[in-house]
Amino acid sequence: GRCSVSIEVVDVNDNFPEITISSLTSPIPENSPETEVALFRIRDRDTGDNGRMTCSIQDDLPFVLKPSEENFYTLVTNGALDRESQAEYNITITVTDLGTPRLKTQHNLTVTVSDVNDNAPTFSQTTYTLRVRENNSPALHIGSVSATDRDSGANAQVTYSLLPPHDPQLPLGSLVSINADNGQLFALRSLDFEALQAFEFRVGAADRGSPALSSQALVRVLVADANDNAPFVLYPLQNG
Ligand SMILES: [Ca+2]
Ligand SMILES: [Ca+2]
Ligand SMILES: [Ca+2]
Ligand SMILES: [Ca+2]
């Protein structure tokens, strides 16, 4: 006799979901509107619920997943990123199938944010008041100004300069000089309290970004009196 046996193979959930990254863009520049960071495909070799998948990333990140074609997703930024707040993100893509038990596959991506020159140097004070005793030696270091820049690289490299004085009569260039690299100020010549008791000028700090950003601060120099004039004595008139 002859009999036929039909065998039905029942799927068991023995395949983990797979993730294939087809493109990744990193770094991405800060301040850009919604930007595509990665494109990937997910796949599960099982059938039915064992092969059906859900896909997610952490929800505290400024990134979202967008399904494109079937089983393809793009990872995009959820608006502009600020490098000065966070320069690197670790994103975990999690794909879970709906089988019993559920099988899960994860893939980690690191996305860095590149710098744009969006911060001007900031002076530590808006006004610096420096006191110098008159009759100082020429080239005396009379004080320093300092500015910092939150950007990175050349966008954060600060150069100092003297700005043209508001008072055109003030011979600023012969009174003081500034070290462009570190903001140190020097009196170029001996100051005389009797001739000049105070003067002020503005200093600039510019970064090396393109375009460069800059800011300014006011420097007030007070010349202190030294007792360098002999008392002028009026003798009482002698009558007689
Ligand atoms: Ca599976
Ligand atoms: Ca920024
Ligand atoms: Ca920046
Ligand atoms: Ca800058």
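Among ASP115, ASP59, ASP207, whose mean-square fluctuation peaks in a Gaussian network model of the chain (Cα, cutoff 10 Å)?
ASP59
Dipole of the chain, Cα-centred, from +1 at each Lys and Arg C-beta and -1 at each Asp and Glu C-beta, to the nearest 20 debye?
340
Got the relative contact order for the chain handy, in percent, Cα pairs under 8 Å and 6 or more residues apart?
In percent, rounded to a whole number, it is 17.
Given a 1.4 angstrom probe, what's the average accessible area per residue across the chain, in square angstrom?
Here the per-residue accessible area is 61 Å².
About its Cα centre, how strong a charge dipole does region 18-114 have in debye, to the nearest 20, once Lys and Arg get +1 and Asp and Glu get -1 at the Cβ? Each step should come with its number before you reach the end.
Numbers: 8 positive and 15 negative charges, 66 e Å.
Approximately 320 debye in magnitude.
Please state, as a whole number in µm²/s, the translational diffusion coefficient that the Stokes-Einstein equation yields for the chain at 37 °C and 0.692 mPa s, with Rh defined as the Kirkwood radius across alpha carbon pairs.
So the translational diffusion coefficient is about 135 µm²/s.
Under the Karplus relation 6.51 cos²θ - 1.76 cosθ + 1.60, θ = phi - 60°, what is the ordered set of whole-Hz ³J(HN,Hα) values for region 143-156, x standing for Gly and Pro?
Going residue by residue, I get x, 9, 10, 8, 10, 10, 9, 7, 6, 10, x, 4, 5, 10 Hz, with x marking Gly and Pro.
When Lys and Arg each count +1 and Asp and Glu each count -1, what net charge do the other residues less than 15 Å away from PRO171, Cβ to Cβ, add up to?
In short, -2.
Among PRO27, ALA217, SER144, which residue has its Cα furthest toward the positive end of the charge dipole of the chain, with +1 on Lys/Arg Cβ and -1 on Asp/Glu Cβ?
Towards the positive end, the residue furthest out is SER144.
Report the net charge of residues surrounding LEU98, where surrounding means a beta-carbon distance below 12 angstrom and charges are Lys +1, Arg +1, Asp -1, Glu -1.
Its environment carries a net charge of -1.
Can you pull the percent of Cα pairs in region 122-224 with separation above 22 Å?
Result: 30 percent of Cα pairs exceed 22 Å.
Pull up all non-local amide H partners of ARG189: gap of 5 or more, or a different chain, and H-to-H distance under 5 Å with H placed in the peptide plane.
Amide H neighbours of ARG189, under 5 Å, 5+ apart: ALA139.
Hey, any idea what % of the chain's accessible area is carbon plus sulfur with a 1.4 Å probe? List each step's numbers first, then the result.
Numbers: 7240 of 14590 Å².
That share works out to 50 percent.
Putting +1 on Lys and Arg Cβ atoms and -1 on Asp and Glu Cβ atoms, find which of CYS55, TYR89, ASN108 reaches farthest to the positive end of the dipole of the chain.
TYR89
The values are calculated or read from the model by the stated rules, or taken from the named source; none is laboratory data. Keep in mind that this is a model prediction, so the values were computed, not measured. All Cβ positions, glycine included, derive from the backbone under ideal geometry; neighbour counts span all protein chains shown. The protein model used for the area step is the full one, side chains on, heavy atoms only, and it has no ligands, DNA or RNA in it. Shrake-Rupley method; radii C 1.70, N 1.55, O 1.52, S 1.80 Å.
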